[in-house]
Each structure stands twice: as C-alpha cells, then as structure tokens.
Amino acid sequence: MKVEICSNSRRSAEHAKAGGATRIELCSRLEVGGITPSPEDISYCVQQLQLRTHVLVRPREGHFTYSNAEFALICEQVEMCKRLGAHAVVVGFLTADGRVDTLRTRHIVELAAPMEVTFHRAFDEMTEPPLEALEKIIGCGCHRLLTSGCRPTAEEGIDTLRQLVQQAAGRITILAGAGITPQNAAHIVRQTGVSEIHGSCKHTLPDGTFETDPQTVKELMAALCSEASD
C-alpha cells in the first residue's frame, strides 16, 4: 500500500515526513483546491526533504477547461518541475462540455516524460461515464488516476472506485482520495482493492488556511500498516 500526503507548504511537507510519509503531492493554497507551488518549495521537498514529490500543476483555482494561454503556462510549469527533479506532475483537463481533453492530456504526458503523470479529481467533475473516461485517460498514457469515485468523498464513492480498479486491470493505478482518515482508510482499501491512498491529514489554522498534521499522518500510516499485516 502506497500513501500520498497532500502538502500545501514546506512546513506541511516537513510534517508529512515527520509522520512517516515518503511521498507527497505538493501544492499551494489548498483552501481553494490547490494551485502550482513555487519552484523553491519544489526544490526544497525534492532536494532537502528527499521526498518523492508529485507536483500539482494548476495555474489558477476554478474549472479545468483552460485557455490557450493558460495551457501554455501549464506546459512551462511542467518543464520547470522536470528541471527541479520532481517525480510526477498532477494535472487534469476537461473540454468545454465536461469530457476528458485527450489532446492536452496526451501532450502533457509526452512533455513530462520521464516524470509520471497523475490525472487528478477533474475526473470527478466530468459529464461522461466514469469507465469510458478511464479508458481515455489510460489511452493518453497517464500513470495514475486520483479520484473519489465521482462522489464528494472516497468512502461515498466505494462502489465506483471498485469498478474503476477492476476496469483498470493494472493498466493504470487508481489512487483513492477525498475524505481519507485513519478511521476509514483500511475500510476503503478492503472494499475497493486500491493500492494507493491520497490524504491531506490536515487541520485548520487560525487564519483559515490548512496545514498537514504529523500525528494524523502517523495514525493513517499505522492504520494501513495494520491492514496490510492482517
């Protein structure tokens, strides 16, 4: 079982590592769903913390249908991630009618190589059937799909997550995320068959922003280790 901790700052990344995590999804401004972090933060997590660093590449908050200028910026940010030694980029592209934008997704997969590419929870906002969309994402060459099973939380999306794992049949990794806690993670794994879990393990600071809590990370890791040993 692989665990990815969503970290929105250097301090959150440090807390993720202190809790036992070896892989993070690095972003900034998690309170708006996350946008691309700074190059300095990417370099710090890769070089200083030596974490496996998957970088969210998203130039703004809001929907996932991008203008040509925004897509050009995304391409520049992907190339930046590659130069800084990131291990993967996390992206998601939808057409104006809410379907997988295969042209842009395929372009980013080719541009990002040899980094891996995760298609993120833009998947959960699509208008097309999940299993059809999954086949498109596999066809684009993505390595991983982060999804809650098209529901607000992964626990609510267990049935669809199970179907996605079965449909994927090892051709892509299904990464379950949204609402993952130490209390429900093992249940979600048992019910879906996912091999990777994504959690923020966050708490809210007085200013309304979020920060990774190292104790929650420890509890999540312990819950999944216990599940693996049973």
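Here are the numbers for this structure:
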{"read-out": "Region 151-230: relative contact order in percent, alpha carbon pairs under 8 Å with at least 6 residues between", "value": "28"}
{"read-out": "Candidates per GluC sites (Glu not before Pro) in region 53-122, loop by DSSP, up to 14 other Cβ within 10 Å", "value": "E61"}
{"read-out": "Value of [θ]222 nm, deg cm²/dmol, for the chain, DSSP H segments ≥ 4, -39500 (n - 2.57) each, nearest 500", "value": "-11000 deg cm²/dmol"}
{"read-out": "Relative contact order, percent, region 2-229 [alpha-carbon distance under 8 Å, six or more residues apart]", "value": "20"}
{"read-out": "Set of aspartates and glutamates near K218 by C-alpha distance (under 18 Å), chain-local residues within fewer than 8 positions excluded", "value": "E4, E14, E25, E196, E227"}
{"read-out": "Shape parameters for region 74-192, alpha-carbon atoms, Rg then Dmax in Å", "value": "14.3, 40"}
{"read-out": "(1) 0.97; (2) 1.02; (3) 0.94, with the label sought being that of the calculated Rg/Rh (Cα atoms, Kirkwood Rh)", "value": "(3)"}
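Since every read-out is calculated from the coordinates, none of them should be taken as a lab result. No experiment lies behind these values; they were computed from the predicted model shown. Don't worry about glycine lacking a Cβ; one is built from the backbone with ideal geometry, like all the others, and counts go over all protein chains shown.
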